[in-house]
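One structure below.
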Amino acid sequence: MGTNDDSGPPVTTLRVGMIGYAFMGQAHSAAWRDVNPVYADLPVSVQLTALCGRSTEMVTAAARQYGWSRAETDWRAVVEAEDIDIVDISTPGDTHAEIAIAALRAGKHVLCEKPMANTVEEAERMAAVAAESPGLVAMVGFTYRRVPAVTFLRHLVQSGRFGRLRHVRAVYLQDWLADADAPWTWRLDKDKAGSGALGDIGAHIVDMAAYVTGQHITRLVADTETFVTERPLSDDDGTGEVTVDDTASFLARLDGGAVATFEASRFATGRKNGLRLELNGSKASAVFELERPNELMFYETDAPAAEQGFRRILVTEKTHPYFDVWWPPGHTIGYQQPFTHQAHDFIRAVIDATPASPDFADGLRVQRVLDAVQRSTETGAWVELPAPEA
Ligand code: SOE
């Protein structure tokens with residue numbers, strides 16, 4: 001356990017304990033499993049040591065399927081285990097703060113799924129404990145930052161290609177709840193999930209817009225709606241109440257002067273995982289779409305009049321972010337690989353003792369935006385956000 005700074009013997013293995021094993025647990029398992037085979041230069045061996053869930057039978061089956069050495073049913077045992085260095089939290093949001101804080105206090109590095117917490121108060125406590133734990137990596141799973149085209153878009157912004165950024169237009173659209181008979185899940189319970197489309201998928205575009213543009217929201221005005229308020233339970237004849245938003249939209253001002261709009265919905269029929277980010281600047285525009293993750297549409301105002309138009313950049317060159325470890329140009333990657341990039345960057349932060357990104361301060365910033373959206377919806381008024389700390 002530890003880092004490869006001057007303070008002790010070199011670390012040769014890092015042992016992961018993961019809490020939760022549903023969709024995100026499966027994606028994270030594959031990432032921890034792949035990180036050594038994909039990144040040949042990684043000087044440590046990453047081990048899938050313990051997988052934790054509430055049902056012995058189900059977690060045992062998942063551990064076997066995903067390649068974990070043992071299954072556990074008590075997250076505290078994992079957090080406190082001597083043979084665990086990294087705690088990966090892939091559970092519903094209501095458990096994140098308690099597990100993350102206990103793990104940091106037990107001296108473990110933490111990777112926490114998004115949204116980081118269910119409330120600002122929880123996120124503040126998590127960020128405070130992370131700040132008091134300087135030798136430990138505490139990262140939030142805003143995995144889409146590590147889609148090569150998204151990272152590349154950030155580079156284009158940073159290198160001044162857009163000139164003055166005027167519009168940021170971010171949408172994240174899914175349709176898995178559009179059928180009113182789709183069964184109730186914990187994601188529809190405010191106590192478990194904190195919010196609905198807003199926190200589950202809206203959190204991704206809030207983080208992505210800030211990451212790509214380097215600009216933060218200063219004020220916003222929002223509206224949310226819940227279209228279906230009762231849903232059938234899958235395990236009996238009753239119904240469950242929906243206590244979260246089905247869709248959330250908001251208009252925002254950014255601290256670099258851009259005007260931004262955000263929309264998250266799980267009722268956008270036909271849209272399966274439709275994240276789209278469009279930037280319009282004085283010198284260029286760009287569009288990224290997650291369902292076409294290897295592409296970026298790019299428009300530059302200074303092209304000759306006869307050649308104006310968006311051109312497609314295939315972001316699969318060896319020189320593009322994250323692509324040096326993958327296939328030859330044009331041999332595309334998909335939904336899974338950014339999780340592997342994330343696992344790699346996390347491990348590098350641990351062994352090089354460098355800051356995690358996105359860290360818990362970033363997670364808190366997103367949480368404040370989600371909270372402002374909920375407050376604005378209640379009052380119908382603009383809500384101001386605090387300036388991000390330096
Ligand atoms: C469900 O809507 C979900 O799985 C999100 O929770 C993930 O963060 C996103 O990657 C895909 O959609």
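Of the residues examined, R365 is not one that is modelled with pLDDT of 95 or more and surrounded by fewer than 20 Cβ atoms within 10 Å (Cβ to Cβ). What is the residue count in segment 172-192 for residues that are surrounded by 17 or more Cβ atoms within 10 Å (Cβ to Cβ), more than 14 Å from the ligand (Cβ to nearest atom) and not charged (D, E, K, R)? Final tally of qualifying residues: 1.
All conditions but one from (1) more than 16 Å from the ligand (Cβ to nearest atom); (2) not assigned by the TED database to the domain that holds W32 apply to V129; the one that does not is (2). Hey, among the residues in segment 312-335 that are in a loop (DSSP other than H, G, I, E, B) and exposed (fewer than 14 other Cβ atoms within 10 Å of the Cβ), which one's nearest to the ligand (Cβ to nearest atom)? My answer is G334.
The helices (runs of 4 or more DSSP H) falling completely within segment 1-115 that include 3 or more residues that are closer than 25 Å to V129 by Cα map to 23-38, 75-80, 96-105.
The conditions are (1) touching a residue at least 60 places away in the same chain (Cβ under 8 Å); (2) closer than 27 Å to I347 by Cβ; (3) not small (G, A, S), and T224 fails exactly one of them. Which is it? All conditions pass for T224, except number (2). Residues that are aliphatic (A, V, I, L, M) and in contact with a Phe, Trp or Tyr (Cβ under 6 Å, 6 or more places away or on another chain) within segment 297-321 comprise M297, I313, V315, listed in sequence order. Within segment 193-215, the set of residues being in a helix (DSSP H, G or I), in contact with a helix residue (DSSP H, G or I) (Cβ under 8 Å, 6 or more places away or on another chain) and more than 13 Å from the ligand (Cβ to nearest atom) comprises A210, Y211, V212, T213. Considering the conditions (1) under 20 Å from Y299 (Cα atoms); (2) in contact with a helix residue (DSSP H, G or I) (Cβ under 7 Å, 6 or more places away or on another chain); (3) away from the ligand (no atom under 16 Å from the Cβ); (4) not acidic (D, E), L136 is excluded by exactly one of them, (1). What's the number of the condition R219 fails, among (1) of a type outside the set (S, T, Y); (2) within 13 Å of V366 (Cβ to Cβ); (3) in a strand (DSSP E or B)? All conditions are met except number (2).
Residue-wise test of (1) outside the structural domain of K190 (by the TED database); (2) of a type in the set (F, W, Y); (3) within 9 Å of L173 (Cβ to Cβ); (4) modelled with pLDDT of 95 or more.
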| position | (1), (2), (3), (4) |
| --- | --- |
| D235 | no, no, no, no |
| E241 | no, no, no, yes |
| V244 | no, no, no, yes |
| A248 | no, no, no, yes |
| R253 | no, no, no, yes |
| T261 | no, no, no, yes |
| N273 | no, no, yes, yes |
| G281 | no, no, no, yes |
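Tally time: how many residues in segment 267-298 are within 16 Å of the ligand (Cβ to nearest atom), surrounded by 18 or more Cβ atoms within 10 Å (Cβ to Cβ) and either assigned to a strand (DSSP E or B) or under 17 Å from the mean Cα position of the chain (by Cα) (or both)? Final tally of qualifying residues: 6.
The values are calculated or read from the model by the stated rules, or taken from the named source; none is laboratory data. Values in this document were obtained by computation on a predicted structure and should not be read as measured data. In this analysis, Cβ positions are derived from the backbone assuming ideal geometry, glycine residues included, and neighbour counts consider all displayed protein chains.
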